[in-house]
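Novice: The structure under discussion is supplied below as structure tokens; questions concerning it will follow.
The values are calculated or read from the model by the stated rules, or taken from the named source; none is laboratory data. Quantities reported herein were computed from a predicted structural model and do not represent experimental measurements. Reconstructed Cβ throughout: ideal geometry from the backbone, glycine too, with neighbour counts over all protein chains shown. Quick note on the areas: whole protein, heavy atoms, side chains included, nothing else; ligands and nucleic acids left out. Shrake-Rupley method; radii C 1.70, N 1.55, O 1.52, S 1.80 Å.
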Amino acid sequence: MERAPLTLGLSTLPNPYDFANPVRDPALFAGRQEELSEIDYYLDQAHLASQPIRSHSFLSSLRGGWRCLGGAAMRRVEGL
């Protein structure tokens, strides 16, 4: 008896990556340690400033993950 070849059927599996929404789970946020360190630096500086610093800007290329990074920054601010 001849066996049929095993196929994975990858087209039927869901894509595990969500390209349409920002990362909300901190455990899934990875690879941006340099940017997070810079955010931490400016948050520390905001506490030391003689005048309150009320806003910061994020500059990024299109689809650069700025919403994910902004969410990570907000979680850090809320943790202060």
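Novice: Give me a count of the residues in segment 64-74 that are open to solvent by 80 Å² or more (accessible area, probe 1.4 Å) and either within 14 Å of ARG24 (Cβ to Cβ) or in contact (Cβ under 8 Å) with a residue 60 or more places away in the chain (or both).
Specialist: To start, the set of residues in segment 64-74 that are open to solvent by 80 Å² or more (accessible area, probe 1.4 Å) comprises 66-67, 74.
Restricting the remaining residues to those that are either within 14 Å of ARG24 (Cβ to Cβ) or in contact (Cβ under 8 Å) with a residue 60 or more places away in the chain (or both) gives 67, 74.
Number of matching residues: 2.
Novice: Hey, another quick one. Just give me the residues in segment 56-68 being in contact with a helix residue (DSSP H, G or I) (Cβ under 9 Å, 6 or more places away or on another chain) and within 14 Å of LEU43 (Cα to Cα), in sequence order.
Specialist: HIS56, PHE58
Novice: Within segment 40-52, how many residues turn out to be at pLDDT 85 or above, open to solvent by less than 80 Å² (accessible area, probe 1.4 Å) and not polar (S, T, N, Q)?
Specialist: The qualifying residues number 2.
Novice: Select from segment 13-24 the residues that are under 13 Å from the mean Cα position of the chain (by Cα) and exposed (fewer than 10 other Cβ atoms within 10 Å of the Cβ) and write down the one among them that is farthest from TRP66 (Cα to Cα). Write out each step before concluding.
Specialist: As a first pass, look at segment 13-24 and keep what is under 13 Å from the mean Cα position of the chain (by Cα): 17-24.
Going one step further and asking which of them are exposed (fewer than 10 other Cβ atoms within 10 Å of the Cβ), we end up with 17, 19-21.
On the way: TYR17: 17, PHE19: 13, ALA20: 13, ASN21: 11 Å.
Going through the qualifying residues, I end up with TYR17.
Novice: Among (1) open to solvent by less than 100 Å² (accessible area, probe 1.4 Å); (2) touching a residue at least 40 places away in the same chain (Cβ under 8 Å); (3) not in a loop (DSSP other than H, G, I, E, B), which single condition is ALA27 missing?
Specialist: So the condition that ALA27 fails would be (2).
Novice: Working carefully through the options SER55, SER37, SER61, find the one that is hydroxyl-bearing (Ser, Thr, Tyr), exposed (fewer than 12 other Cβ atoms within 10 Å of the Cβ) and either more than 19 Å from VAL23 (Cβ to Cβ) or in contact with a strand residue (DSSP E or B) (Cβ under 9 Å, 6 or more places away or on another chain) (or both).
Specialist: Numbers: SER37 fails: either more than 19 Å from VAL23 (Cβ to Cβ) or in contact with a strand residue (DSSP E or B) (Cβ under 9 Å, 6 or more places away or on another chain) (or both); SER61 fails: either more than 19 Å from VAL23 (Cβ to Cβ) or in contact with a strand residue (DSSP E or B) (Cβ under 9 Å, 6 or more places away or on another chain) (or both).
Criteria check complete, one pass: SER55.
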